[in-house]
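Here's the structure, in structure tokens; my notes come after.
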Amino acid sequence: MSTITIDAPEARPLYPSTTAHHQTQIQSIVKTIIWTAGTIIFCLAMFDFYAQTYAHETEIALQQAQAEKLDLNQDLRLNDIAPYIAGAPIISTRPADKYTHMCKEMKQYTWKGFFKNYTLSLYVGLGENPSIDYVHGPGNVTEESHRPIAPKINHIVDLD
């Protein structure tokens, strides 16, 4: 005679094949949620990065254009800056908060990022087509950049 042992139901795992399958599904769902959240955060960070890049590129381009005009003893005018503006900023006009003895108003160009807004301030003079006196961008502004750019003066010294 042979003996057959029968385990009690409490001793056997409940549905072993469905438990493993259920864990695999949960892991897939968690991975999908993490990848989706990561992709969304990456896209929002790129949106913010482009806003910052447009503001910084515009600041550099305007400062270089202003320096080139000053080398020719000319002023950079408000009507001349359209080619230097990158992206699609929101433009507002405000009274000048600094340099009021020289500038009466400022034009603010604001690029909206998802995490932060980037603002470029142009201090302008008076008139129909005012000159741009100062350019203050979203980067680190030092005391040196508050001063207007002076034209380069080359001195020729004759030692004879």
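The values are calculated or read from the model by the stated rules, or taken from the named source; none is laboratory data. These numbers come from a predicted model, not from an experiment. Methodologically, a virtual Cβ is constructed for each residue, glycine included, from the backbone with ideal geometry; neighbour enumeration extends over all protein chains shown. Heavy atoms of the whole protein, side chains included, go into the accessibility calculation; ligands, DNA and RNA do not. Shrake-Rupley method; radii C 1.70, N 1.55, O 1.52, S 1.80 Å.
Are there any pairs, at least 6 apart or on different chains, whose C-beta atoms fall under 7 Å, with the first in region 28-40 and in contact (Cβ under 8 Å) with a residue 60 or more places away in the chain and at positive phi and the second surrounded by fewer than 10 Cβ atoms within 10 Å (Cβ to Cβ) and in a helix (DSSP H, G or I), and if so, which?
From region 28-40, no pairs qualify.
Residue-wise test of (1) assigned to a helix (DSSP H, G or I); (2) of a type in the set (Asp, Glu).
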{"position": "Ile40", "(1), (2)": "yes, no"}
{"position": "Tyr54", "(1), (2)": "yes, no"}
{"position": "Ser92", "(1), (2)": "no, no"}
{"position": "Cys103", "(1), (2)": "no, no"}
{"position": "Thr110", "(1), (2)": "no, no"}
{"position": "Tyr118", "(1), (2)": "no, no"}
{"position": "Glu128", "(1), (2)": "no, yes"}
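Hey, does region 85-103 have a residue that's surrounded by 14 or more Cβ atoms within 10 Å (Cβ to Cβ), at pLDDT below 85 and touching a Gly at 6+ places or on another chain (Cβ under 7 Å)?
yes
With respect to Tyr54, is the statement that it is aromatic (Phe, Trp, Tyr) and modelled with pLDDT under 90 true?
For Tyr54, the condition - aromatic (Phe, Trp, Tyr) and modelled with pLDDT under 90 - is not met.
Which one is surrounded by the most Cβ atoms within 10 Å (Cβ to Cβ) among residues in region 61-84 that are free of Cβ contacts under 8 Å to residues at least 12 places away in the same chain and of a type outside the set (S, T, N, Q)? Please lay out each step first, then the result.
First, pick out the residues of region 61-84 that are free of Cβ contacts under 8 Å to residues at least 12 places away in the same chain: 64, 68-69, 72, 74, 82-83.
Then drop every residue that is not of a type outside the set (S, T, N, Q), which leaves 68-69, 72, 82-83.
Values: Glu68: 12, Lys69: 18, Leu72: 8, Ala82: 7, Pro83: 8.
Within region 61-84, the match that is surrounded by the most Cβ atoms within 10 Å (Cβ to Cβ) is Lys69.
Taking region 1-51 as the search range and keeping residues that are open to solvent by 100 Å² or more (accessible area, probe 1.4 Å) and among the charged types (D, E, K, R), which one is modelled with the highest pLDDT?
If we take residues in region 1-51 being open to solvent by 100 Å² or more (accessible area, probe 1.4 Å) and among the charged types (D, E, K, R), then Lys31 is modelled with the highest pLDDT.
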